[in-house]
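Each reported figure results from applying straightforward, stated rules to the coordinates on display, with no laboratory input. Because the structure is a prediction, the values reported are computed rather than measured. As a convention, Cβ positions derive from the backbone with ideal geometry for all residues, glycine included, and neighbour counts pool all protein chains shown.
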């Protein structure tokens with residue numbers, strides 16, 4: 001049996017984690033859209049060196065069991081998916097060659113037409 | 001036999017080379033023909049069988065252009081039925097939620113009650129009516145059938161062809177794979193566009209746009225020359241398909257986030273999963289023999305683009321509202337559940353990548369519509385890789401005139 005992966009020490013980037021550990025994909029999308037590129041880059045640079053370890057650490061748990069600081073960390077890790085294109089492809093917070101992403105309203109089921 | 005990694009021909013000129021009239025994107029006359037000859041006559045994807053799994057489960061489906069609302073229920077006999085969502089008393093909608101569960105369908109206006117088979121079961125104060133035969137006042141039935149786990153309805157009381165004949169060449173293998181009980185709806189989005197409904201379909205059925213439209217997202221992950229098209233001239237309901245293949249050597253930017261995601265699943269279309277992922281019952285559907293194959297996307301006439309890959313089904317639907325307005329929706333189905341954080345990270349990364357790619361796909365439709373409405377552009381030019389657009393147009397003309405544009 002493989003040994004337990006210890007929680008990485010992320011105290012030095014806790015402020016960045018706090019800023020981006022928002023509960024939903026939509027929250028993190030809005031955060032990215034409203035942030036400056038400097039703020040996005042600062043978060044990315046803080047998390048990037050630790051991301052592989054963070055994923056491996058969190059992957060030891062069921063998503064439904066994540067609470068407290070681990071839940072917060074999981075949300076910050078997911079926020080890396082949200083800022084990835086802005087940092088690595090667009091070099092700006094919002095893609096200028098697509099529709100406003102907020103026009104795509106999240107559905108709650110295949111037949112959901114109440115959202116819009 | 002050619003090299004196993006050879007990509008099929010990008011398309012052909014077998015349906016002609018002439019420019020196509022753009023009139024049908026903007027004229028009210030064409031729109032009226034579409035309503036009468038297509039949306040009242042063809043099989044339309046209206047729901048997912050799993051959403052009416054138990055007796056009493058229902059979903060509702062709305063065709064905005066026709067102002068038609070449909071109820072789909074599963075009866076006590078476990079049979080799925082479809083009805084117009086119209087009380088036979090004074091025409092109120094009976095069910096107003098997208099989905100739910102009820103053993104009787106009760107109209108909220110005066111309380112007329114219909115059973116799950118559509119029969120009028122109870123009328124409050126029945127004695128207040130005069131000449132009255134409850135047995136003749138059941139809900140009006142709509143043709144319904146299931147394929148691939150999807151519920152299709154047809155407003156034609158006697159559809160010209162069965163759903164299975166309509167969807168040929170998509171055979172029983174597709175029915176089995178797509179209908180597998182392991183698929184569950186994961187997420188989806190809905191948008192409204194000031195554009196003809198067919199423009200949102202057009203954007204998804206050719207690979208010629210990939211390099212330019214997606215230059216800021218997936219450029220290199222699926223190069224345009226790796227997105228060939230195929231047409232089915234003999235099919236009634238499946239005019240064409242496109243496919244997507246990876247390049248032998250990934251081009252473009254493969255980010256660290258994408259590569260970390262790829263360790264934990266196969267959700268993203270654009271990054272090769274590190275996991276050997278086996279889809280159940282995919283034989284005859286998935287092009288698994290080709291090491292570079294990613295997905296096939298089928299145009300299901302009139303308004304569906306169905307993307308099929310290992311472990312993911314993606315459905316894009318457009319519903320017309322007026323010649324220059326439509327609703328567009330995309331829905332994702334996956335096998336298995338998201339239990340571990342790695343799976344969640346993979347799901348999130350795939351979801352965000354495709355969301356961003358879709359914003360690019362959706363970016364052009366409203367500008368195109370303006371140019372058609374203004375009469376600035378009257379014809380469009382279609383190359384061989386875009387042959388699905390031509391096949392779609394031919395199918396449209398066939399519905400209008402009883403023969404395709406080449407005849």
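Structure data summary
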item	result
Chain B: angle of helix B:341-361 to the longest principal axis, Cα-based, in degrees nearest 10	90
Part-to-part distance (alpha-carbon centres) for segment B:140-213 and segment A:63-116, which is given in Å	27
Per-residue mean of C-beta atoms belonging to partner chains within 10 Å, peptide A:76-82	6
Fully extended contour minus Cα-Cα distance, from residue B:339 to residue B:136, at 0.36 nm per residue	68.0 nm
0 to 90° range, to nearest 10: angle between helix B:387-401 axis and chain B longest Cα axis	30
Calculated FRET efficiency for the pair residue B:182/residue B:17, C-beta based, R₀ 41 Å, to 0.05	0.40
Order by protection proxy (mean Cβ within 10 Å, highest first), peptides B:159-165, B:238-244, B:312-318	B:238-244, B:312-318, B:159-165
Contact order normalised by residue count of chain B, Cα under 8 Å, 6+ apart, percent	21
Residue B:53-residue B:35 pseudo-label distance in nm [points 7 Å out on the Cα-to-Cβ vector]	3.9
Partner chain coverage, peptide B:338-351 - average Cβ within 10 angstrom	6
Kirkwood Rh (inverse of mean 1/r, distinct Cα pairs), chain A, angstrom	15.6
Bridge type composition, the protein assembly as shown - antiparallel percent by DSSP, nearest 5	100
Nearest-0.05 FRET efficiency for residue A:9 and residue B:160, computed from C-beta distance (R0 60 Å)	0.30
Residue-averaged [θ]222 nm for chain B, counting only DSSP H segments that reach four residues, each worth -39500 (n - 2.57)	-5500 deg cm²/dmol
Ordering of B:97-103, B:340-346 by burial proxy (mean other Cβ atoms within 10 Å per residue, highest first)	B:340-346, B:97-103
Shape category assigned to segment B:2-83 from the gyration tensor of Cα positions, a/c cut at 1.5	oblate
Percent of Cα pairs exceeding the 20 Å cut-off, where the set is segment B:271-385	57
Calculated P(r) tail over 26 Å for chain B, as whole % of Cα pairs	57
Theoretical ellipticity at 222 nm over chain A - DSSP helices of four or more residues, -39500 (n - 2.57) apiece, nearest 500	-14000 deg cm²/dmol
Helix axis angle, A:25-34 relative to chain A longest principal axis, alpha carbon, degrees	70
Cα-based convex hull, the protein assembly as shown, per residue volume (Å³, whole number)	177
Rg and Dmax of segment B:218-335, Cα atoms only, in Å	15.7, 46
For segment B:366-407 versus segment B:231-277, the gap between their alpha-carbon centres in whole angstrom	28
Per-residue average of Cβ from other chains inside 10 Å of B:98-104	2
